[in-house]
Structures are given as C-alpha cells and as structure tokens.
1. Using the per-residue mean of other Cβ atoms lying within 10 Å as a proxy for protection, in what order, highest first, do the peptides 211-217, 25-31, 224-230 fall?
2. Any of Lys23/Lys93; Lys23/Lys107; Lys107/Lys254; Lys23/Lys92; Lys23/Lys277 with alpha carbons more than 26 Å apart? Name them for me.
3. Rounded to the nearest 20 Debye, what is the dipole magnitude of region 89-282 about its Cα centre when Lys and Arg each give +1 and Asp and Glu each give -1 at the C-beta?
Amino acid sequence: MLGLNQAKIENIDSKVSSFQNVKFRYLLVWIFIGFISIFVLLRAISGFFGFTSFTFKYTVSTFTYFYVFLLCYRVTQQKSISFKNLFVLKAKKINWIEVIGLTILTKVINISLLASVLLYIVYYSPQYLSSFASDTNTVEPLTNFFFLAFQAIVLAPIIEELFFRGILLQSWGVRWGVKRAIILSSFTLSVLHFSSQFLDLFVGSIVLSVLFLKYKSLIIPILFHTINNQIAQLTNFFNRGSSSNESITIEQAKAAGWVGAILFIVSFCIYVIYLKKSRIKEMSPIE
C-alpha cells in the first residue's frame, strides 16, 4: 500500500513538472512565426489561385487553427503530457441542466450589458440613437456563411479549448494556483480575439475553465463552446441582409436600457453565486 501511494505521488509530481515546463512565451512566439509564415505564403500564391478577400482571410485563419493544434500536440509530446487524457470524459454523470443553463446565462449577461449601454447613450450621446435601427447587415454569400460556421462551430471550440484550457490553464494553475490561472487564461483569450465583445468572451471563458476543471475533460467545455458559437451563427444567419429605416426613440431606448440594466445585475449576481458554489479554490489543475 505504501509503495502504491508513493508511485501515485511520483506520478502527480511528474505531471506537475510537465505543465510547469510549458512556457507561454514559447507558444506565443511559435504561433506568431507560424501565422506570419502562413500569411506570407498564402499572399504569395493568392494571385495564382485567384483568392478573393474572403477566401484569403478564411484560408489564413483555418491554416492557423490547424497549426496551433499541431503545436499543442507537439508540446504535449515534448513535455510528456497525455494528449489523449485531455479529451477523456472521466465524469460518470454530466449535469446537462448546468451546461445549458450556463450557456443561456452567459448570453443573457452579454445581451443585457449591450442593452444597458443604451442608458449611457440616452443621457450622454442621444445623437447616436438613430444609428441603432438604421444599419443594414451586409448580405454574404451562403457558401461564405457555411465556411465561417464550420470554423466557428468545429475548429474554434476544439483548438481554442485545447490551447487555453488544456495547455495554458493547466500550466498556470500548477504555477500560480487555479483561481489566478482561470483569470489570466480567460483574460488572454479575450485579448487575443481582438474583439469588441471583451466582457462576453471573458465571462464565458471563466465558465469554460470551471467546467474543464470540474469534469476533468475538454469535452464539456468544447460542447459549451460549440453551442455558444452555434447560437451566434444562427443569429447571424437569420439577420443576413436585414434592415430597418425606423429610428429608435428616446423612450424606447430608456425602456430597453433599464430592462437591460436590471437583467444584467440579476444575471451577473447568479453568475457570481455559481462561481462561489463551484469552490474554485478546491479544484485541481491536473488529474
């Protein structure tokens, strides 16, 4: 029994050492080199193949995703980290109500926050109200939409979860503790997306981190990520080419803003309560 416990301790120490050896700056440098190489190569051949602007951007981003996937795989092999173990679903029972409920909650937080912005506009910049209803969505070809949907629903969830949860969160969790690792990895994901929806990404990323640590597998956060992106893609699909010539009134903006503010406060409180009940401090970054 003593020998078995000793072997288990040595195995845990080995895994801790493996994740400690993963350097974020190393990954970032190689991702940058890979992205520049892909960009330059595809730019050089784009004229020969007659790439459109969309085709070029989509091909660059798709190749970059595959490159990051291969880089993550190489890192796990170099550092003696079980790549397969990251995707093995170890939990015997999954609380699907929790997963679906969190998906809805993060969406409510994002939408209600955007609605709350109307209050600021009403009281400080009412001249911008007319732009809310007068914008027309550009009609993209249906093939472009399906390519983007594939990237958002298939590639992004798998590869982003592998990189940010499977590698970064684990590595930083071993070094600085789980709580700090969740915040830092979520912040990093939000920044590297170069998106105006920073808070939405940050809030969602924290939930994904908790789900990963709770279920000890990338499968659950990948499913959450997929559902979240699928909702966004369906919204974009049904809004293709939609337009409105009616301006939103100050009264309508105030009503929407106050409803949004109340929803944001309530949903964010539920979000905080969930995080506290998750007992993040008691979670372990490794199995």
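A short reminder: the numbers here are calculations on the coordinates, not readings from a lab. Predicted model only: the values in this text are computed from it and were never measured. No Cβ is skipped: glycine too gets one built from the backbone with ideal geometry, and neighbour counts run over all protein chains shown.
1. Descending packing order for the listed peptides: 211-217, 224-230, 25-31.
2. Lys23/Lys93; Lys23/Lys107; Lys23/Lys92; Lys23/Lys277
3. It comes to approximately 1220 debye.
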